[in-house]
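Derivation of every value follows stated rules applied to the coordinates shown; laboratory data play no part. As the structure is a computational prediction, the values presented were derived from the model and not from experiment. Note that each Cβ is placed from the backbone with ideal geometry, even for glycine, and that neighbours are counted across all protein chains shown.
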Amino acid sequence: MLGTNLRKHRSTPERIADQAWEHLTTVVNSAGDSVKHTARSARRTGSHLTSQAGDRVGAVTDEARDRAGRAYDALAGRRPGLPWAWLVGAGLVGAALAWAASTASRAALARAEKELPASDGMEFVDIDRANSPIRVDTT
């Protein structure tokens, strides 16, 4: 109550100055909160972008080192080594494919033998032989 009576007795310029000061402090406080929020989000975004850039730079750096080493070896007259891991891998894949093909062909042959009709005692005779039991008259 005491404060309200004092404000009534002030002059108009003083009241306007007080209102302007209160408005300024609220604007600055709200701007400060907004700036803090913006700074936090900028820091998070910057950190995320920095980590992505670091990952990319790391990959590019590794590739550049590898290429530089190979170029240095080529200039020094050293031949590159054989890619043994790829060769062994290709051999293992080839062996696995050959095993699968042979197993599949054996299974198909076994299935075909089961499906063939049983022989009914029919005998095939070669008639072109001289000692053949069947004679063919060609006259």
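Looking at TRP86, TRP21, just one residue is without any contact (Cβ under 8 Å) to a residue 60 or more places away in the chain, exposed (fewer than 10 other Cβ atoms within 10 Å of the Cβ) and in a helix (DSSP H, G or I), and that residue is TRP86. Might you let me know whether the range 60-82 holds any residue that is surrounded by fewer than 10 Cβ atoms within 10 Å (Cβ to Cβ), charged (D, E, K, R) and part of a helix (DSSP H, G or I)? Checked the range 60-82: no residue is surrounded by fewer than 10 Cβ atoms within 10 Å (Cβ to Cβ), charged (D, E, K, R) and part of a helix (DSSP H, G or I).
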